[in-house]
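The values are calculated or read from the model by the stated rules, or taken from the named source; none is laboratory data. Keep in mind that this is a model prediction, so the values were computed, not measured. Cβ coordinates were reconstructed from backbone atoms using ideal geometry, including for glycine residues, and neighbour counts include every protein chain displayed. Accessible surface areas use protein heavy atoms only, side chains included; no ligands, DNA or RNA. Shrake-Rupley method; radii C 1.70, N 1.55, O 1.52, S 1.80 Å.
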Amino acid sequence: MGSQPKADYDVIAIGAGFAGLGLIHFVREAGLSIRVFDKAADIGGTWTWNRYPGAATDSEGYYYCLTFSKEILQEWSWSQRYPGWEETHRYLHFVADKEEMWPSIQLNTEIVSAEFQEESALWLVTSASGETHTCKYFVSAMGMISEPNVPNIKGKDSFKGPCFHSSRWPQEGLDYAGKRVGIIGSGATTVQMLPEVAKTAKSVTVFQRTPNFVMPAVQKPMTPEWEKEIKDNYDKIIETCRNHVFGMCFNSPVGRNLADTPPDEVQRILEEQWPKGSFAFVFETFDDLLSNAESNQVVSDFICSKIRDKVDDPVVAELLSPKGYPLFAKRPPLDHGYFEAYNRDNVQLVDIGKQEPLVEITATGVRTTENEFEFDILVLATGFKAYTGATEAVAVTGRGGATLKEKWATESASIMGVCVADFPNLFLITGPQAPFANLPTSIEQNIMWITDCIKKMESEGYDVCEPQQKAEDEWVAHTKDIHEQTLMAQGHKVNSWMMGANIENKNPRVLIYFGGANVYYDKLRESVDGGFPEMAFERLAQ
Ligand code: NAP
């Protein structure tokens, strides 16, 4: 055993959402102490911040959940296929209550810095109020789509009414009935928000720069029969997610490429799958949609034909139809009446991509090159600093005094998205260059790797685990190599957050491992079984 002083906690983590709660379970199961800080007033992460009308999961609820407790899986009941934010939030409370996690959680506490102390090999973690704590292991559980991206639009602070980022929808609620609402942005958030807000607002105006490939969600209530079927088969559901390319409960690969299927049969299969809803439309139709440009184009055209079917005004339908980029270069949203909302008299679409670019936000609304619009409420649904933004917002300083933000200035390097060279005893849950997948599946797989690494440290008396530069270089090269073989590599052309290309003054980079979540989970397991060859384990000198 080395000469390491005792820390306040074995583990400190930031973020009390799915990742933080999962971590509490596994760390405490290993017999170690943990404190999870969150600046929010409640647990839930994404599901406490994103309270905009219509916010719901895009994965089906029965597998968008933590699976470590069979009891919780059996006891919790989802009311519908895609639970809304309130229900998901209630679920996370249920988990925290059931596992008595509350003593390990400290809310209303913003952590502003975490510094690796060379001499003690402990992390010194400091809150905004100056409170300090030490820990041996520091974990970012802050989520990969959580740090808001508020672009530098001229006049953005001048609007006199409520004006906020979509993920900062007022926690106490906001009465928009009878009001004129402007929404800047048309990504997954707006796709969910528009149909709901349009129901009672006086008017809703969406400012769209780039249209999206939007696929049907097809919401439906959970029936007792469906719930029984799910609960009788949870082991199989968990296994299916664990072995799926995007961590979801789909039966794919289907063993069929679009390129090898006769056109009539292609159309029949697409038509059959479309009304069922969910990402199954991509995963349970053909296996070559994300790698073969022609196959992707056929499905892209099919989606555009459905947009034309749904939107009454052909001019609006045309504006809503994506062009010049393949399906999945941007993350496709799921639709709960988005296109139909444009058939309402109180909804207007403004094309700020080509026809009338946005000039500024004014005291009373928005000015484009052609028009001036007046609003009572303005929502900036402008996306997130994905994968690295939340961790970079904290001054995380590793060996040699460099921060993670500095390290990631041009390339967001990591080893499997779980650790970073020069940042000893630091772990990330779904960090950069991890897959983009059903998040609870990835979160649990990451947490298992992290806690297995910590268990090795503790059982073998190590003080420091040092991620190896060579392993990081290899992972970065491998991730890039795979990325280039997919159509997602075109994301930089359309400001995709999947490449960080949505952030002003940031060079697009490879943020996601697209070699398959299942393959990635296998790699995590191989790493554990092989004794963590990516890490060097050390004891401090006596
Ligand atoms: P997003 O997909 O990044 O969309 C942001 C929107 O803001 C885009 O339409 C973008 O236009 C626009 N925008 C950004 N900067 C702008 C500027 N300076 N001027 C004008 N327009 C600007 O963000 P999001 O809708 O919040 O979704 C982000 C991700 O969060 C999703 O892809 C998804 O992974 C996740 N999400 C998940 C759910 C769910 O699962 N239930 C729900 C919501 C979000 P451009 O496209 O032209 O850049």
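Structure values in brief
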item: Residues within the stretch 497-511 that are among the charged types (D, E, K, R) and near the ligand (Cβ under 8 Å from one of its atoms), tallied; result: 1
item: Among the candidates A471, A489, A517, residue that is at pLDDT 95 or above and farther than 29 Å from F116 by Cβ; result: A517
item: Residue list for the stretch 208-220, restricted to those being within 13 Å of the ligand (Cβ to nearest atom) and either among the β-branched types (V, I, T) or open to solvent by 30 Å² or more (accessible area, probe 1.4 Å) (or both); result: R209, T210, V214, Q219
item: Residues of the stretch 338-353 satisfying the condition of being surrounded by fewer than 19 Cβ atoms within 10 Å (Cβ to Cβ), more than 20 Å from T368 (Cα to Cα) and in contact (Cβ under 8 Å) with a residue 60 or more places away in the chain; result: E340, R344
item: So V181, is it at pLDDT 95 or above, within 16 Å of the ligand (Cβ to nearest atom), of a type in the set (V, I, T) and open to solvent by 50 Å² or more (accessible area, probe 1.4 Å); result: no
item: Residue check for Y82: touching a Cys at 6+ places or on another chain (Cβ under 6 Å), hydroxyl-bearing (S, T, Y), open to solvent by less than 60 Å² (accessible area, probe 1.4 Å) and in contact (Cβ under 8 Å) with a residue 40 or more places away in the chain; result: no
item: Scan of the stretch 17-48 for residues that are assigned to a loop (DSSP other than H, G, I, E, B) and either surrounded by fewer than 23 Cβ atoms within 10 Å (Cβ to Cβ) or among the polar types (S, T, N, Q) (or both), ordered by number; result: A30, G31, L32, S33, K39, A40, A41, D42
item: T88, sole failed condition from (1) within 16 Å of the ligand (Cβ to nearest atom); (2) farther than 29 Å from L511 by Cβ; (3) assigned to a helix (DSSP H, G or I); result: (2)
item: Yes/no for S104 being at pLDDT 95 or above and within 16 Å of the ligand (Cβ to nearest atom); result: no
item: Residue within the stretch 332-354 that is more than 16 Å from the ligand (Cβ to nearest atom), under 27 Å from P432 (Cβ atoms) and within 24 Å of the chain's Cα centre (by Cα) present; result: no
item: Considering residues of the stretch 372-416 that are among the β-branched types (V, I, T) and within 16 Å of the ligand (Cβ to nearest atom) only, the residue most open to solvent (accessible area, probe 1.4 Å); result: T382
item: Unique match (being open to solvent by less than 20 Å² (accessible area, probe 1.4 Å) and out of contact with any helix residue (DSSP H, G or I) (no Cβ under 8 Å at 6 or more places or on another chain)) among T205, T200, T190, T223; result: T205
item: Index of the failed condition, E172 passing every other in (1) open to solvent by 20 Å² or more (accessible area, probe 1.4 Å); (2) modelled with pLDDT of 95 or more; result: (2)
item: Selection within the stretch 52-67 - open to solvent by 10 Å² or more (accessible area, probe 1.4 Å) and either more than 21 Å from G22 (Cβ to Cβ) or of a type in the set (A, V, I, L, M) (or both); result: Y52, P53, G54, A56
item: Hits in the stretch 323-337 (condition: out of contact with any helix residue (DSSP H, G or I) (no Cβ under 7 Å at 6 or more places or on another chain) and buried (at least 16 other Cβ atoms within 10 Å of the Cβ)); result: P332, L334
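Table: residues versus (1) among the aromatic types (F, W, Y); (2) part of a helix (DSSP H, G or I); (3) away from the ligand (no atom under 14 Å from the Cβ); (4) over 30 Å from M499 (Cβ atoms).
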residue: V95; (1), (2), (3), (4): no, yes, yes, yes
residue: N108; (1), (2), (3), (4): no, no, yes, yes
residue: T126; (1), (2), (3), (4): no, no, yes, yes
residue: N152; (1), (2), (3), (4): no, no, no, no
residue: D157; (1), (2), (3), (4): no, no, yes, no
residue: K160; (1), (2), (3), (4): no, no, yes, yes
residue: S167; (1), (2), (3), (4): no, yes, no, no
residue: D175; (1), (2), (3), (4): no, no, yes, yes
residue: L194; (1), (2), (3), (4): no, yes, no, no
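Residue-by-condition table, conditions (1) surrounded by fewer than 18 Cβ atoms within 10 Å (Cβ to Cβ); (2) farther than 18 Å from M144 by Cα; (3) more than 16 Å from the ligand (Cβ to nearest atom); (4) basic (K, R):
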site: P467; (1), (2), (3), (4): no, yes, yes, no
site: H492; (1), (2), (3), (4): yes, yes, no, no
site: A517; (1), (2), (3), (4): no, no, no, no
site: G530; (1), (2), (3), (4): yes, yes, yes, no
site: M535; (1), (2), (3), (4): no, yes, yes, no
